[in-house]
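First the structure, in the form of structure tokens, and then the observations on it.
The values are calculated or read from the model by the stated rules, or taken from the named source; none is laboratory data. Predicted model, so just to flag it, every value in this text is computed and none were measured. Note that each Cβ is placed from the backbone with ideal geometry, even for glycine, and that neighbours are counted across all protein chains shown.
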Amino acid sequence: MAERYYCPEGVSGATAVLAADEAAHLARVSRLGVGAVVEVFDGKGLARRAEVLEVARNRVVLRLDGDPLPERAAVLDLTLAAAVPKGERFDWLVEKATELGVVRLVPLLCERSVVDPRDAKLERLRRLVVEASKQSRRDRLMSIEKPVRWADFLGSKAVLEAHAKLAAHPGGATCSDWAGIAAGARVVAAVGPEGGFTTSEIDAARASGWTIVGLGATILRIETAGLALAVAVAARVEPTTSPAHGAI
Ligand code: SAH
């Protein structure tokens, strides 16, 4: 399979230019040269095949070839809101959430939060999103939003417009009891800090129509809970009846 390179300036014309990081990756890490065939994507859903035309020190010029490649689109518009775990565990969550197709990640500030999401170096995390997108052949980048307090998140546009709102809390409803989720639905899913959501945080969510969901008998770390929740939500998506998708 052809290697992928990120080209935020766009890949809709006849040529594209890779900037410093990506150019270095192509030339020095992957050791590709003139004539090599790769794929480029703009992070907004467009990916195309390309041939290397010119390799310079901090810049690679590519000739774009043919039609857009078919997009690997997410089945859901899933927002994952999570308290920030310590150290590298948040990097791990960012990488895995990207692989799993989470559309946006919202760092949460809760009553019992111990990590201030502002310290999480969001710019560096966005670079991890690019790397995970290349590796998983995802065409649209996962966005990482500004950190937000739980109370403000409950009243935010993403939440008010959601079709389903699920907050993970030990003892909540088991996955098989959740309502089915229509393909393409807007879903927000939330995970609390290591100390857990407080009773008043859970009560506030319940009062604004959230379902409180459980993820099994054991207590998971934030990043494990985030992934388990993203997978469980995807598993609740109702199968489409579209003839484009044959029966398994
Ligand atoms: N100390 C808390 C657990 C915190 S774990 C307690 O004992 O209750 C961090 C977060 O992960 C929780 O706020 C919750 O959102 C999620 N989580 C962890 N394990 C879970 C489980 N079994 N069911 C549902 N959510 C869970």
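In segment 147-175, how many are farther than 27 Å from residue 217 by Cα and within 15 Å of the ligand (Cβ to nearest atom)?
So the answer is 1.
Being surrounded by fewer than 15 Cβ atoms within 10 Å (Cβ to Cβ), in contact (Cβ under 8 Å) with a residue 40 or more places away in the chain and of a type in the set (A, V, I, L, M, F, W, C) narrows it down to one residue among 56, 47, 73; which is it?
Testing whether each residue is surrounded by fewer than 15 Cβ atoms within 10 Å (Cβ to Cβ), in contact (Cβ under 8 Å) with a residue 40 or more places away in the chain and of a type in the set (A, V, I, L, M, F, W, C) leaves just 73.
Within segment 203-221, is even one residue in a helix (DSSP H, G or I), surrounded by 18 or more Cβ atoms within 10 Å (Cβ to Cβ), more than 8 Å from the ligand (Cβ to nearest atom) and hydrophobic (A, V, I, L, M, F, W, C)?
Within segment 203-221 (the criterion being in a helix (DSSP H, G or I), surrounded by 18 or more Cβ atoms within 10 Å (Cβ to Cβ), more than 8 Å from the ligand (Cβ to nearest atom) and hydrophobic (A, V, I, L, M, F, W, C)), the answer is yes, since at least one residue qualifies.
Condition first: closer than 22 Å to residue 193 by Cα and either under 17 Å from the mean Cα position of the chain (by Cα) or not assigned by TED's automatic domain parsing to the domain that holds residue 233 (or both). Now tell me which residues in segment 130-158 satisfy that.
Matches in segment 130-158: 142, 143, 144, 145, 146, 147, 158.
Look through 77, 116 and report the one residue that is under 22 Å from residue 161 (Cα atoms) and either in contact with a strand residue (DSSP E or B) (Cβ under 8 Å, 6 or more places away or on another chain) or outside the structural domain of residue 25 (by TED's automatic domain parsing) (or both).
77
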